[in-house]
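I have placed the structure first, in the form of structure tokens, so that the comments after it can refer back to it.
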Amino acid sequence: MSYLICVDAGHGGIDNGASYQGRLEKDDNLRLALEVERQLLTIGQRVVMTRTQDVAVSLAERVAIANGAGADLFISLHRDSYIEQTPWTNGVTNYIQDTAPESYEFYAEVVLEAVVNVGVQSNRGVRRGNYYVIRNTNMPGMLLEMGYIINEIDNALFDEHLYAYAAAIARAIVYALDNSPSSMPPGGDPLIVQAQRWLNQAYGAGLTVDGRYGPNTKRAIVRALQIELNSQYGAGLGVDGIFGPATKAAIPLIAQGDSGSIVRLLQAALQGNGFSPVRIDGVFGPNTHIAVMNFQRYRQIRADGIAGPTTFEYLLS
């Protein structure tokens, strides 16, 4: 299906945005935006740009372009910055508006994950913020911060992967619109819908996206877990979707502060068992810790909030 995407290259003209040793954010934003436009056109999409040259465009004008065109999705491209370099000033963040509906998180998460899969220094997650352009546009919108301009590694990754990032962003936008949460069948769990779509996209699970945690979804989670255990830990497991002794033995301890695909699979299994981690985002935060502890208490196993082999066994077998 063909969609109309509004691609916004942040800043421009007299507004340089952030800068670092002569490198200007406005230039990086435009380079990426033009390539995202090219990639979208290549895969049969329609595009409206807020700027295609180094010119000043007001925030109100950017919003008017998107709303006037009736775009299906708005994406504003930026580089992040801070007053000084710290151990935490690196990585990619995708913002949605503070008051945006929960369904907008799906679009932002799909795009962010596609970028992360290309290769980033760190994944700072989908966050909510109060930005004019995504506050005032009439369609799902996001503001994607493509690494810190004050960080040499982020800059090197931006330059090295520019075309791959653009291709990933373009494909992810189309995937997100094709699989919009608005298409969820009545009675389905939105978080399970999100998990099923991710399992289909990342692991080729072939699930019917119905928001219901049935045997096929559980088997797909086990299969994905086996793939990750083989990839990350060299477990040598057969990828059969059956939670047996070898799979149990290969599972590491997962605790608060961890992140990644195994955490995301844990969260999906918790949600399916009725112990919501609030988000299925691959970040083991306080809500996931509480969900693990509550599940452990329910199953009368050691309630320490750490998900190890026994917790996964009770969740998935």
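Mind checking which residues of the stretch 114-143 are surrounded by 21 or more Cβ atoms within 10 Å (Cβ to Cβ) and among the polar types (S, T, N, Q)? Scanning the stretch 114-143 gives a single hit, T137.
Would you point out which residue out of V36, V55, V63 is among the β-branched types (V, I, T), at pLDDT 95 or above and touching a Leu at 6+ places or on another chain (Cβ under 9 Å)?
Answer to the selection: V36.
Of everything in the stretch 288-311 that is in a helix (DSSP H, G or I) and either assigned by TED's automatic domain parsing to the domain that holds Y104 or in contact with a Lys or Arg (Cβ under 7 Å, 6 or more places away or on another chain) (or both), the residue that is modelled with the lowest pLDDT is Q296. Against the list (1) assigned to a loop (DSSP other than H, G, I, E, B); (2) farther than 14 Å from N138 by Cβ, the condition H78 fails is (1).
Just to be sure before I move on: is N230 free of Cβ contacts under 8 Å to residues at least 12 places away in the same chain, in contact with a Leu (Cβ under 7 Å, 6 or more places away or on another chain), closer than 23 Å to A114 by Cα and not assigned by TED's automatic domain parsing to the domain that holds L112 in the structure I sent?
So N230 fits the description; yes.
Got a sec? Which of A156, A167, A114 is free of Cβ contacts under 8 Å to residues at least 12 places away in the same chain and assigned to a helix (DSSP H, G or I)?
Values: A167 fails: free of Cβ contacts under 8 Å to residues at least 12 places away in the same chain; A114 fails: free of Cβ contacts under 8 Å to residues at least 12 places away in the same chain.
Testing whether each residue is free of Cβ contacts under 8 Å to residues at least 12 places away in the same chain and assigned to a helix (DSSP H, G or I) leaves just A156.
Count of the stretch 201-260 residues, restricted to those that are in a helix (DSSP H, G or I) and surrounded by 15 or more Cβ atoms within 10 Å (Cβ to Cβ), is 21.
The values are calculated or read from the model by the stated rules, or taken from the named source; none is laboratory data. Bear in mind the structure is a predicted one, so any value in this text is a computation, not a measurement. Using ideal geometry, Cβ is built from the backbone for each residue, glycine included, and neighbour counts are taken over all protein chains shown.
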